[in-house]
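First up is the structure itself, then whatever we jot down about it.
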Amino acid sequence: MRDPAVGIDLGTTYSVVAFLDPTGRPQTILNAEGDLTTPSVVLFDRSSVVVGKEAVKAASLEPDCIAEFAKREMGCPTYSKTIHDERFPPEVIQSFILEKLKADAEQRLGPFQKAVITVPAYFNEPRRKAVQDAGHLAGLEVLDIINEPTAAALTFGVQRGFLKRDGTAHSNEKILVYDLGGGTFDVTLMEIRGDTYTTLATAGDVYLGGVDWDRRLVDHLAEAFKAKYRFDLRKHPGACQRLMQAVEDAKQTLTARQETTILFDHSGDAIRLPVARAEFELMTADLLERTRVTVRGVLKDARLQWSDITRVLLVGGSTRMPMVQRMLREESGKELDCSLSAAEAVAHGAAIYAGLLLRGENALGHAIRVQNVNSHDLGVLGFELATGRPRRKVMIARNTPLPAKRESRFATHRDNQPDVLINIVEGGDDTGQNATHIGTCVVRDLPPGLPKGTPVRVVFAYAANGRLDVYAHLPTVGSTAALTLERTSGLNNRTLDEWQDRLSRRRRPMKLNSVSE
């Protein structure tokens, strides 16, 4: 029996699982509660771990035991919140969500291990590695990770009729995918030419999503409550959780109506606060503007005009807000493609990609090729000989098509230098500020008496699957070092094994599936 082609959209606020059915079409798998989406919320009580809807219900009663929005903290050493006097890596929290999704999917598919997991296009390498580690901890063999906008483009291309039955495009398409989810934001420009999906440029913000719109409403209501009762709801964890739920409902109402009223009470004090859509749009205008600036930047990076774009695809639940759609229509002068479920499109694309990896075919039974770009600059952080100050040299610029290979010359920065350290960084500015260190390549045991300025040849070879090979060579002395970075940030093998052992022991009495009503 062949492995099922399973794709997982591991979202900040909601997650979705899909698979390819016997006809090769992607289908969403309902969770144990009968829902298409599973809240990405984890409740740690004293005897069990509960994921999903039931965890959300408990959030206002046990806020100190709740972990949410962990996707935003992927790549960090630990989750920002201490739970039961313990600090968990974000990967561990995400692994509970993945295990819940896997268990629910197995009720329909039977046991499986292999899956594709999606990530924001703007995730850097440590965050991508953290997603892979979360999958490993959940008992999954992660076939690959795929950028969320790329997955969405696969879904739209296959299902919405601008591809022929053999999977090739009727004509060349240049598509802008605007992906505003619950916690992250991406914009990706893709070209579909025949059977090849090529990413032209991508940008985004891992700290921008629908939850930020919610928090503006929280502040608005909390300030009104404080003015009336001299009590700040935001300082009471349980009240703040209930407030978040109330404003999320209000935000959804404002998508359909021009005005709504938020009713909220705490300890016998109640407030009734009308909120108009125009008022909500004004208080969140700067958030929307951040997405507009990103869209313009991606077009500039790709050297394209709106007249070059054939489709604008909306992905992510937050794109339902009228302000988002109005802004994009004004910017592009085009009608927007909102034809597929914003919640399901990414998971469906991941399932299509899983089918491609497992069987060399997509949902239409025809092989397609996906070419991505790197979302952040990759470079070397060294010292400028003239000033002695840190200086970053970009080896592979962001939005470079993958695979890519680049070479550059450096020099030792002092006499009699015993070793050469090539510090590999991602992102940041020319001085190395805000750069993420992702590895070090070391040429050791250089001969004594080596003069300052001895040339060092450095080569970066970045594969399409995210593997980075770095070579450092001193041609005058014949010394060479090589380093392979295969998303080696995050948990090391020893720590990963320790958590795997801890979780396997803890899970015996634990109940990882949400309890159906």
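Which shape class, rounded, prolate or oblate, goes with segment 118-258 when its Cα gyration tensor gives a ≥ b ≥ c as root eigenvalues, a/c under 1.5 marks rounded, and past that a/b bigger than b/c marks prolate? Verdict is prolate for segment 118-258.
Seen from residue 73, the other residues with C-beta closer than 12 Å to its C-beta sum to a net charge of +3, counting Lys and Arg as +1 and Asp and Glu as -1.
In the assembled protein chains, residue 205 presents an accessible area of approximately 40 Å² (probe radius 1.4 Å). By a 1.4 Å probe calculation restricted to protein chains, residue 125 has an accessible surface near 20 Å², given to the nearest 10. For the chain, the antiparallel share of DSSP beta bridges with both residues in that region comes to about 85%.
Put the Cα centre of segment 32-66 next to the Cα centre of segment 412-476 and the gap is 46 Å. Taking all protein chains together and rolling a 1.4 Å probe, residue 122 ends up with roughly 60 Å² accessible. Neighbours of residue 435 by Cβ distance under 13 Å: Lys/Arg scored +1, Asp/Glu scored -1, total -1. Rounded to the nearest Hz, the phi-derived 3J(HN,Hα) couplings of segment 80-85 under the Karplus curve 6.51 cos²θ - 1.76 cosθ + 1.60 (θ = phi - 60°) are 5, 10, 7, 10, 6, 6, where x marks glycine and proline. Ordered by solvent-accessible area of protein heavy atoms (1.4 Å probe), largest first, the residues 236, 348 come out as 236, 348. When the listed pairs 71/226; 81/114; 57/226; 228/251 are checked against a 28 Å cut-off, the alpha-carbon distance exceeds it for 71/226; 81/114.
Note that segment 49-170 presents 32 Å² accessible area per residue, ligands and nucleic acids not counted, probe 1.4 Å.
Placing one equal scatterer on every Cα of segment 260-360 and applying the Debye formula, the log10 ratio I(q)/I(0) at q = 0.10, 0.14, 0.25 Å⁻¹ is -0.46, -0.76, -1.30. Could you please state, rounded to a whole Å, how far the C-alpha centre of segment 89-123 is from the C-alpha centre of segment 269-319? One Cα centre to the other: 29 Å. For the chain, the share of accessible area belonging to carbon and sulfur comes to 47 percent (1.4 Å probe, ligands and nucleic acids excluded). Kirkwood's formula applied to the C-alpha pairs of segment 338-486 gives a hydrodynamic radius of 17.7 angstrom. Averaging 1/r over each pair of different alpha-carbon atoms in the chain and inverting the result gives 24.6 Å, the Kirkwood hydrodynamic radius.
Rounded if a/c is under 1.5, else prolate if a/b beats b/c, else oblate: with a ≥ b ≥ c from the C-alpha gyration tensor eigenvalues square-rooted, which is segment 7-128? Cα axes put segment 7-128 in the oblate bin.
Taking trypsin sites (Lys or Arg not before Pro) across segment 228-298, the ones in a DSSP loop with at most 15 further Cβ atoms lying within 10 angstrom of their Cβ are 230, 257. Heavy-atom accessible surface of segment 239-390, averaged per residue, reaches 46 Å², computed with a 1.4 Å probe. Other residues lying with their Cβ under 14 Å from the Cβ of residue 413 contribute a combined charge of +3, Lys and Arg counting +1, Asp and Glu -1.
The values are calculated or read from the model by the stated rules, or taken from the named source; none is laboratory data. Because the structure is a prediction, the values reported are computed rather than measured. Note that each Cβ is placed from the backbone with ideal geometry, even for glycine, and that neighbours are counted across all protein chains shown. Remember, those area values only see protein heavy atoms, side chains included, never the ligands or the DNA or RNA. Shrake-Rupley method; radii C 1.70, N 1.55, O 1.52, S 1.80 Å.
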